[in-house]
1. Here is a list: Q220, Q225. Which entry is surrounded by fewer than 16 Cβ atoms within 10 Å (Cβ to Cβ) and either closer than 27 Å to T195 by Cα or within 17 Å of the chain's Cα centre (by Cα) (or both)?
2. Specify the residue that is farthest from G202 (Cα to Cα); the eligible residues are those in the range 94-120 that are without any contact (Cβ under 8 Å) to a residue 40 or more places away in the chain and touching a Lys or Arg at 6+ places or on another chain (Cβ under 8 Å).
3. Report, by residue number, each residue of the range 76-120 that is in a loop (DSSP other than H, G, I, E, B) and crowded, with 17+ Cβ neighbours inside 10 Å.
4. With respect to D305, is the statement that it is on the phi < 0 side of the Ramachandran plot and not in a loop (DSSP other than H, G, I, E, B) true?
5. Identify the single condition in (1) assigned to a loop (DSSP other than H, G, I, E, B); (2) in contact (Cβ under 8 Å) with a residue 60 or more places away in the chain that V237 does not satisfy, given that it satisfies every other one.
6. Going by the structure shown, is T224 farther than 29 Å from A186 by Cα and at pLDDT 90 or above?
7. Restricting attention to strands (runs of 3 or more DSSP E) lying wholly within the range 135-231, give those where 2 or more residues are among the aliphatic types (A, V, I, L, M).
8. Any residue that is in contact with a Leu (Cβ under 8 Å, 6 or more places away or on another chain), surrounded by fewer than 18 Cβ atoms within 10 Å (Cβ to Cβ) and not polar (S, T, N, Q) - is there at least one of those in the range 53-75?
Amino acid sequence: MLRRFTLAALALLTVTSCGEDSPDRADMPPPPPPAIPAPPPEFWSAPADTEARRATVAQATRQIDVCALLPRDTLATVAQVHSVTVGLDSCRAILGSEAPGAGTTLTWHATLLPPLTPGRGVSKQLGDVTVRLVPDRDDALPRSCGATARFPAGAAFYLGLTTPGQDPCAVADGLLPDMVARWRAAPPQGTSPDTVSTVLLGADPCAVRARLGATVEIGQQRLTQCQFRYRDENITVSYEYRVPAYLAARSTEEKIGDRTVHRSVSVYDSSIPMYTAAVGPELPSESTAFGTRLPIVEVTAASDDVARDVMGHILAIFPPQ
């Protein structure tokens, strides 16, 4: 069954875009349809030992609505929910009190990880899922705790907590079993009312490779970043939500076709060009923490010619809004 799912997923592995967004959360369009079918629960229990299998696991992970792992009714069992804000593959909840240092803060995100190795903290199993809970200190009641849960397929999620007056690792330990069960159910993007639809939601940063032709994977699979070899150069493609003011910071505005892009250089090596472009409108201001965010794509290469080539193909994936 898993083999049939993987073959079907590879056949459907494409990026789709949604309609025009609105800055008002209530008027946001539905999220883009999933690129591959939702996997069966046992999918997450099979190791990913080929490039094709790793790509399928990565895409199936992108399609999970991470906010749905901790719905508001579950958060309310910890403390009163004040706010839930989102990132591209993450969520953040403020509970109890919004006063700095007084309330409970939970942040959780999806990721891809190699097998967890022995280290500090407490390790345990939830079935075939490996869990590690790491407090910020061992000699007193922890102020914060980090919990990681990894499935045999290589998909994982991280939950970080600060819980004044409570043991944050104990709180995390109580939340993890249901989070694992919800993950296996693969809730699609848009399941949580807190999730905001954008063209990057569930999108594969490696999708451009199919348009470029001869490319070679380099580096590990990541949910929002793809590294590959193309035209004898190392390419990095990144998707993210960025503060709008940072889009044009320290850059020059250029055109690729009729699309506006911003050229800058790496802070580590001024000979490396970076091209950045917005691919959708700002998210509603109340939906993101620490200011508004804009969905952007970014390409890094060794030369301007190759970077512009790759960016042009990416922009074709995301038509103007």
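1. Among Q220, Q225, only Q220 is surrounded by fewer than 16 Cβ atoms within 10 Å (Cβ to Cβ) and either closer than 27 Å to T195 by Cα or within 17 Å of the chain's Cα centre (by Cα) (or both).
2. Step by step, filter the range 94-120, then rank; the result is G119.
3. V78, A79, G87, L88, D89, G96, G103
4. Here the answer is yes, as D305 does meet what is asked.
5. Against the list (1) assigned to a loop (DSSP other than H, G, I, E, B); (2) in contact (Cβ under 8 Å) with a residue 60 or more places away in the chain, V237 comes up short only on (1).
6. no
7. Strands (runs of 3 or more DSSP E) meeting the threshold: 144-150, 155-162.
8. No, the range 53-75 contains no residue that is in contact with a Leu (Cβ under 8 Å, 6 or more places away or on another chain), surrounded by fewer than 18 Cβ atoms within 10 Å (Cβ to Cβ) and not polar (S, T, N, Q).
The values are calculated or read from the model by the stated rules, or taken from the named source; none is laboratory data. Everything numeric here is computed off the predicted structure, so don't read it as measured data. Heads up, the Cβs are rebuilt from the backbone with ideal geometry, glycines too, and the neighbour counts pull from every protein chain shown.
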